[in-house]
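K.L.:
I'd like to ask some things about the structure below.
None of the figures in this text is laboratory data; all of them are computed from the coordinates on show. If you're wondering where the values come from, they're calculated on a predicted model, not measured in any experiment. Note that each Cβ is placed from the backbone with ideal geometry, even for glycine, and that neighbours are counted across all protein chains shown.
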Amino acid sequence: MATPLARPRKAVLAVAATVVGCSLCACSVTGGTETDTAQPAATVSASQDTRSTEGAPETQDDSDGDTFTVALDKTASWNNGVKAHLSGFSRGTSGEYASPSGKAYLAFSVTLQNGAKSPIDLSMVSLSCPDGAEEIFDMEAGFDGMPDTHLLPRKSQTWKAACVFPKTAKSAQIEITPTDTSGSGWYRTAIFTGQVQ
């Protein structure tokens, strides 16, 4: 299993941003629509973003631009059938052997469902934490980063992630960008946003 040192997240994010920009100009782009130490300290709930209207659809759709916004408790859906959903929010403090250690965090599960015709390389999925904070890596707690595998069509996979998140913070923004291994470019970035208790 890869260690955090073997996965240069910042480089992947920089490459992702560059490729997204290129994709919007010259390549085809897939449009978009709208966890923890041993035990979590507390389970939290995510509320809909204040900009969302009551009765908004479970899946949000917006294929314009290079990003689209989704409430934390909703599902992002890209035009080719790929979907992403965040769930199981909890707070805690990273353990002694975590990287970084001793930091308050927001943990959550990420579920990616591949409704497209080509595989998705999960190791290349970009996850950006609130306010550019560090992602926490802790093998004992199950925070291992992105799975190092391809997600085949009609399959789904769930993994745990955690981000440094102050105990007093309420507003969260988590960004996810999958990639298409068929060569048609990067997906638009789904920006999950809302309040956590």
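K.L.:
Can you list the residues of segment 107-123 with backbone N under 19 Å from a point 7 Å past the Cα of Asp148, pointing along Cα to Cβ?
P.N.:
Output list for this probe position: 120-123.
K.L.:
Place the peptides 166-174, 111-119, 71-79 in order of packing, highest mean first, counting for every residue the other Cβ atoms within 10 Å and averaging per peptide.
P.N.:
Highest-to-lowest ranking by the protection proxy: 71-79, 111-119, 166-174.
K.L.:
Which order do Met124, Met139, Met146 fall in if you start with the one that has the fewest other Cβ atoms within 10 Å?
P.N.:
With the sparsest Cβ surroundings first, the list reads Met139, Met124, Met146.
K.L.:
Taking θ as phi - 60°, what are the ³J(HN,Hα) couplings along segment 101-111 by the Karplus curve (6.51, -1.76, 1.60), each to the nearest whole Hz, with x for Gly and Pro?
P.N.:
Those phi angles translate into 9, x, 10, 5, 9, 10, 9, 6, 9, 10, 10 Hz.
K.L.:
Here is a follow-up. Order by neighbour count: Thr93, Thr69, Thr177, fewest other Cβ atoms within 10 Å first, most last.
P.N.:
Taking fewest neighbouring Cβ atoms as first place, the list is Thr93, Thr69, Thr177.
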